[in-house]
Structure formats: C-alpha cells, structure tokens
Amino acid sequence: MTETTIDGVVPAVKATQVHKAFGSLHVLKGVDMTVMPGTVTVILGPSGSGKSTFLRLINQLETLTGGEIDVDGEMIGYKYVDKGSRQVLQTLNDKEVSVQRSKLGMVFQRFNLFPHMTALENVMEAPVRVKHMGKKEARKLAIQETGTRRHGGAS
C-alpha cells in the first residue's frame, strides 16, 4: 500500500469519507480530516455531534460504517489481502487490533484521568505500565507528543 504524503510527510492521522451510524442515527457523514505530525488540532462541536465517536473510531473502540482512517500511514482496523488475482479488504483480527492500539494513546477530557497526577504524568502512564518504558523515556515522549514543557501542565 502506498502511503499518501503531503510534501513528503506522512500525516499523523488521515480520515477519508468517515461514516458512523448507530442503527438509523447517522452520526458522522463523510468526515475528511488530515492532521500532520507535530500539529495541534481541535475538534469542536456541540454535545452529540460525534466528536468522541470520531476519536473512538481512531482507536477502534467503535467500528467504521464507511470510509477509511490511517494513522502514520497505516490503515486502522482493516488490511488488504490477496484473494486470487485481486486484493480485498479484510477486518483485522483481535491480535492485530491490539498491536495497532498499542501504538495509539488517548486522554479524554474529564474521563479516566488520575486526579492525583498531572496531565503529563497521566500521558506517561500507559507507556510505563503497558510498554514497560522507563519513566525518563516516557516523560520525553509525552513532552514530544503533547508539546507540554512544564512538569505540572494543565490537568
């Protein structure tokens, strides 16, 4: 699969015609979005407009109804496999989904944060606990990924 680049840089997140429906309720209708590495992007909208659903789709906590999401050039939730003389789209198995999820991290506003920890410490927690990364390395990564410079940060 060829990675789509913008001026030679692979987008951190690229959503193409993303759709999500819950039964007859069509929450996301053809969302297109590109987020380049090192940028800050805000998803803004009223309650119930699909902001959290979109983020949950990126981390495969919800299943796409249509469209495609790529993270660092890798399609999320699906892969192309050879079937005879053509390539077909196949859903990833649970192990493959787990591998993709292990490369992603999300911190939702007001949800599942440890109140006794700073925002930076909350971001560091998964790499330390799940990936067994040293705290110094996890802190450096958290600062790099969030742009946070201060130890305290906003909580």
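The values are calculated or read from the model by the stated rules, or taken from the named source; none is laboratory data. As the structure is a prediction and not an experimental result, all values here were calculated from the model. With ideal geometry, Cβ positions are generated from the backbone for all residues, glycine too; neighbour counts draw on all protein chains shown.
List every residue pair whose Cβ atoms lie under 8 Å apart, where the two residues are 6 or more positions apart in sequence or sit on different chains, the first residue falls within segment 126-145 and is under 22 Å from ARG101 (Cβ atoms), and the second residue, located anywhere, is of a type in the set (S, T, N, Q) and assigned to a helix (DSSP H, G or I).
VAL130/SER102; LYS131/SER102
Kindly indicate the residue of segment 131-155 that is out of contact with any helix residue (DSSP H, G or I) (no Cβ under 7 Å at 6 or more places or on another chain) and among the small types (Gly, Ala, Ser) and also modelled with the highest pLDDT among those meeting that condition.
Filtering segment 131-155 for residues that are out of contact with any helix residue (DSSP H, G or I) (no Cβ under 7 Å at 6 or more places or on another chain) and among the small types (Gly, Ala, Ser), the one modelled with the highest pLDDT comes out as GLY134.
For segment 1-53, what are the residues that are part of a loop (DSSP other than H, G, I, E, B) and of a type in the set (S, T, N, Q)? Lay out the reasoning, then the answer.
Within segment 1-53, the first condition is being part of a loop (DSSP other than H, G, I, E, B), and the residues that meet it are 1-5, 7-8, 10-12, 23-24, 36-50.
Across segment 1-53, the qualifying residues are THR2, THR4, THR5, SER24, THR39, THR41, SER47, SER49.
Which residues, counting only those in segment 77-121, are modelled with pLDDT of 85 or more and within 30 Å of ARG139 (Cβ to Cβ)? Give the steps one after another, and end with the answer.
Looking only at segment 77-121, we keep the residues that are modelled with pLDDT of 85 or more, and these are 77-101, 116-118, 120-121.
Scanning segment 77-121 gives LYS95, GLU96, VAL97, SER98, VAL99, GLN100, ARG101, HIS116, MET117, THR118, LEU120, GLU121.
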